[in-house]
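Below is one structure, written out as structure tokens, with a few remarks after it.
The values are calculated or read from the model by the stated rules, or taken from the named source; none is laboratory data. This structure is a prediction, so every number in the text was calculated from the model and none was measured. Counting neighbours? That spans all protein chains shown, and the Cβs are built from the backbone with ideal geometry, glycine included. Remember, those area values only see protein heavy atoms, side chains included, never the ligands or the DNA or RNA. Shrake-Rupley method; radii C 1.70, N 1.55, O 1.52, S 1.80 Å.
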Amino acid sequence: MEEFVLMKGNEAIAEAAIRAGTDGYFGYPITPQSEVIEYLAAAKPHERTGMVLLQAESEVAAINMLYGGAGAGKKVMTSSSSPGISLMQEGISYIAGSELPCLLVNVVRGGPGLGTIQPSQCDYFQSTKGGGHGDYNLIVLAPASVQEMADFVSLGFDLAFKYRNPVMILSDGAIGQMMEKVKFKPQQPRSKKSPDWATTGKTPDRERNIITSLDLDPARQERFNEKLQAKYKEICKKEVRYEKIKCDDAEYLFVAYGTSSRICQKSMQMAREEGIKVGLFRPITLWPFPYNEIREMTGQLKGILSVEMSAGQMVEDVRLAVEGKVKVNHYGRMGGIIPTPDEIVENLKQKIIGG
Amino acid sequence: MADDTISTKELIKEENLVYKKSKILTDNEFHYCPGCGHSTTHRIIAEIIEEMGIQSETIGVAPVGCSVFMYNYMDVDMQEAAHGRAPAVATAIKRLLPEKYVFTYQGDGDLAAIGTAETIHACNRGENITMIFINNGIYGMTGGQMAPTTLVGMKSSTTPYGREVSLMGNPIKMTDIIVNLPGTYFVSRQSVHTPANVRKTKKAIRKAFEYQALNKGTCFVEVVSNCPSGWKMNPVDSNKWMADNMLPFYPLGDMKVPEDQD
Ligand SMILES: Cc1ncc(C[n+]2csc(CCOP(=O)(O)OP(=O)(O)O)c2C)c(N)n1
């Protein structure tokens, strides 16, 4: 039996990566997630599993290393924080456009620009609405604990390979840096098999494998896009994940993910002590977003407060979900400020109950 | 037909064959302009893969540029990299599949402008890959704009009055930078404008593939090339212009050879 250990979220991702049988990690240091590559460097993954670890010359190089490794059929991942993820966008689009699996981790910091190294959730739009060019989607997982940081590594790889699509773990500086107890899965062996589409060398028994996102013929390119969209539709049908806390009798609802959802749990407790029946809806997949699951609750609700460490990004999806049937408002802090539980309760009262 | 001309039947007899398309080249017709160095270099690489018998062990990385469709012509597994990133793509493939032969193929805009960082760092880490660099002094694919390698005074669509050093700096000799990096094992600059040069290029690229098995570092071959369409010349004139103008600035020859192979 594996014991609980106390670890930072970033370290948990790194350890989980080795345990998940990851073939390669390629990354470039940036606060607040450099512990991922530092932990890996100290853990000697090459000796433990044969995993390749490489500090790239930039995030641009790192994401293109992922493209190459993924195209060779390998389980590859990177981690970065907001400015670094921005730099990767062209490569992410190529990976989506070539239908390659890989795992991306964004430990979000405040922006725009160089912004701050403090936690934020201001990259929701970039992660869930595309980010790079073209009609594509990432599967986006939002962990709310160090345990989920670890668990979502293998979940992320499973989804990535199932759908041949990049998966992003969208975390933030708070979850990356905070220490909590975490239990790891046992070591998984690295896969010896390659997917049949991978570039591993053309053998006489098969046609050559080509990894590309290019097709200059508009009719074929449109058909390919339709195929991608059909895949995304299937993901939306099958892979929505969320958590509902105290929602059965709720008249009001917090919708929050990641760090904000942790704080909202405290706010919920405080509000309920005052007799306000508020529940918490925590999207775990930000894409696909649980539109239906939130819409199904509109009958019982008097109002929804979307709580995010941003100017209000996810709130747009919450509004889309309820189709105008319930009042929706946003409360958030920016620039690396984490909201306190009581200011969230105060805003529930002002913007939803009283307003 | 006169009696003394050799009949077609006679001509295609095995013993009269002087040239055959490599089995590594597919039947897809090259889309390259007549006389372009890309075609010849593709053919050379295909022949080497065939002669070395490494088709099942080879993975190529195509660039963004005129040769973006290289994977249509080579019957080997290939990946098409983002503009400039082929060395990063190849780095990961080789590290994850260390027993395979991995090569990149890039133009000068791809390798020496947008992809400069990836080029230098792959070579500096001594990635065990073969890098082929087609230097035609221009951006062929996008319609003949200035490349980092465009010669001083040379006209392009973005230097219509000729490249001016005070505005655009000097042409970059990427291979001269590469050769100074300890990570490189074999570095050569060749051309494909005459049969003799084609043979030399083939020798250099063959070495660049063979040395990969030694795991001693990056093998890098620049092929100084022409761009008849971009230079607005016919193929013969473009080759002559290249010999007269490009080669004095980009002199040919092996630039780094393994000591024991000298
Ligand atoms: C990020 C990005 N920027 C610009 C382009 C446009 N583009 C395509 S090919 C090319 C230049 C290619 O020139 P070179 O590498 O010299 O190859 P050649 O076509 O001459 O063989 C450019 C600028 C692109 N595809 N992607």
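Under the simplified labelling scheme, the A:R272-A:K349 pair shows an inter-label distance of 1.9 nm, with each label point 7 Å from Cα along Cα→Cβ. Given a 1.4 Å probe and the protein chains as shown, A:W197 ends up with an accessible area of around 40 Å². In the protein assembly as shown, helical runs assigned H by DSSP with n ≥ 4 each contribute -39500 (n - 2.57); averaged across all residues and rounded to the nearest 500, the mean residue ellipticity at 222 nm is -10000 deg cm²/dmol.
Pick out, in residue order, every one of the chymotrypsin sites (Phe, Trp or Tyr not before Pro) in segment A:1-104 that is DSSP loop and has at most 15 other C-beta atoms within 10 Å; say none if there are none. Listed in order of number, the matching sites are A:F4. Per-residue SASA remark: A:R206, around 50 Å² accessible (1.4 Å probe; ligands, DNA and RNA not included). Computed over Cα pairs, the Kirkwood radius of segment A:292-355 leads via Stokes-Einstein (0.692 mPa s, 37 °C) to a diffusion coefficient of 270 µm² per second.
Across segment A:94-163, counting alpha-carbon atoms alone, Rg and Dmax equal 13.3, 36 Å.
Here the dipole of the protein assembly as shown is about 580 debye; that uses its Cα centre as origin and unit charges on the Cβ of Lys and Arg (positive) and Asp and Glu (negative).
For segment A:243-353, a simple Cβ point-charge model (Lys and Arg +1, Asp and Glu -1, everything else neutral) yields a dipole of about 80 debye relative to the Cα centre. Semi-axes of the equivalent ellipsoid of segment B:35-158 are 25, 17, 11 Å, computed as sqrt(5λ) over the eigenvalues of the C-alpha gyration tensor in descending order.
Along the positive direction of the dipole of chain B (beta-carbon charges: Lys, Arg +1; Asp, Glu -1; about the Cα centre), which of B:G60, B:V192, B:A81 reaches farthest? Result: B:A81. The percentage of C-alpha pairs in segment B:117-170 whose separation is greater than 15 Å is 55%. Computed over the alpha carbons of segment A:201-272, Rg followed by Dmax gives 23.1, 68 Å.
Ranking A:T285, A:T200, A:L53 by Cα position along the charge dipole of the protein assembly as shown, where only Lys, Arg, Asp and Glu carry charges on their C-beta atoms, puts A:T285 farthest toward the positive end. Starting at 0 and stepping by 10 Å, how many percent of the alpha carbon pairs of segment A:243-353 end up in each bin? Per 10 Å bin, starting at 0, the Cα pair percentages come out as 16, 55, 28, 1. Heavy-atom surface analysis with a 1.4 Å probe gives segment A:147-266 a carbon and sulfur content of 51 percent of its accessible area. Compute log10 of I(q)/I(0) for chain A with the Debye formula, placing one identical point scatterer on every Cα and leaving out solvent, at q = 0.06, 0.11, 0.12, 0.13 Å⁻¹, to two decimals. These q points yield log10 I(q)/I(0) values of -0.22, -0.73, -0.86, -0.99.
Under conditions of 25 °C and 0.890 mPa s, segment A:1-43 yields 223 µm² s⁻¹ as its translational diffusion coefficient, taking Rh as the Kirkwood radius over Cα pairs in the Stokes-Einstein equation. Per atom type, segment B:87-164 shows carbon and sulfur on 55% of its accessible surface, probed at 1.4 Å. Taking other residues whose beta carbon is less than 14 angstrom from the beta carbon of B:F249, and scoring Lys, Arg as +1 and Asp, Glu as -1, yields -1.
Geometric descriptor of the protein assembly as shown, per residue, is 191 Å³ (volume of the convex hull of the Cα atoms). Highest-first packing order for the peptide set A:276-284, A:302-310, A:333-341, B:81-89 is B:81-89, A:302-310, A:276-284, A:333-341, based on the mean count of other beta carbon atoms within 10 Å.
Give the interface area between chains A and B as buried accessible surface, both sides summed, probe 1.4 Å, in Å² to the nearest 100. Using a 1.4 Å probe, the pair buries roughly 2700 Å².
Charge dipole of segment A:225-288 (Cα centre as origin; +1 on each Lys and Arg Cβ, -1 on each Asp and Glu Cβ, all else neutral): 340 debye, rounded to the nearest 20.
Electrostatic bookkeeping for B:S67 treats Lys and Arg as +1 and Asp and Glu as -1; over the other residues with beta carbon under 11 Å from its beta carbon, the sum is -2. FRET efficiency for the B:W241 to B:N28 pair, using the beta carbon distance and R₀ = 45 Å, is estimated at 0.95.
Model label points for B:K20 and A:E38, set 7 angstrom from Cα along the Cα-to-Cβ axis, are 6.1 nm apart. If you wrap the Cα atoms of chain B in a convex hull and average its projected area over all directions, you get 15.9 nm². In this structure the amide hydrogen of B:Q79, modeled in the peptide plane, comes within under 5 Å of the amide hydrogens of A:I211, B:G60, B:V61, B:A62, none closer than 5 places in sequence on its chain. The residue among B:G169, B:M146, B:A122 whose Cα reaches farthest toward the positive pole of the charge dipole of chain B, with charges on the beta-carbon of Lys, Arg, Asp and Glu, is B:G169.
In this structure, A:K129 and B:E10 have a Cβ-Cβ separation that, at R0 = 56 Å, corresponds to a calculated FRET efficiency of about 0.25.
If you take all other residues with their beta carbon under 13 Å from the beta carbon of A:I352, and give Lys and Arg +1 and Asp and Glu -1, the sum is +3.
Measuring spread by the Cα atoms of segment A:1-142 yields a radius of gyration and Dmax of 14.7, 46 Å.
Cα centroid separation, segment B:139-170 to segment A:240-274: 61 Å. 3J(HN,Hα) along segment B:106-117, derived from phi through the Karplus expression 6.51 cos²θ - 1.76 cosθ + 1.60 where θ = phi - 60°, amounts to 9, x, 6, x, 5, 8, 10, 10, 5, x, 4, 4 Hz, with x in place of Gly and Pro.
Our compactness index for segment B:134-262, the C-alpha radius of gyration over the empirical 2.2 N^0.38 Å, is 1.13.
Of the GluC sites (Glu not before Pro) in segment B:15-66, the ones in a loop by DSSP (not H, G, I, E or B) with at most 16 other beta carbons within 10 Å are B:E29. Between A:D215 and A:N292, the modelled labels are 2.9 nm apart [label points 7 Å from Cα along Cα→Cβ]. Taking 18 Å as the cut-off, the amide N atoms of segment A:231-255 that come nearer than this to a point 7 Å along the Cα-to-beta-carbon line of A:E323 belong to A:237. Solvent exposure of the protein assembly as shown amounts to 41 Å² per residue of accessible area, where only protein heavy atoms count and the probe is 1.4 Å. In units of the rule-of-thumb radius 2.2 N^0.38 Å, segment B:223-262 shows an alpha carbon radius of gyration of 1.56. Hey, quick one: spin label on A:E239, modelled 7 Å out along Cα-Cβ, who in segment A:286-309 has an amide N within reach, i.e. under 16 Å? So the set is A:286-291.
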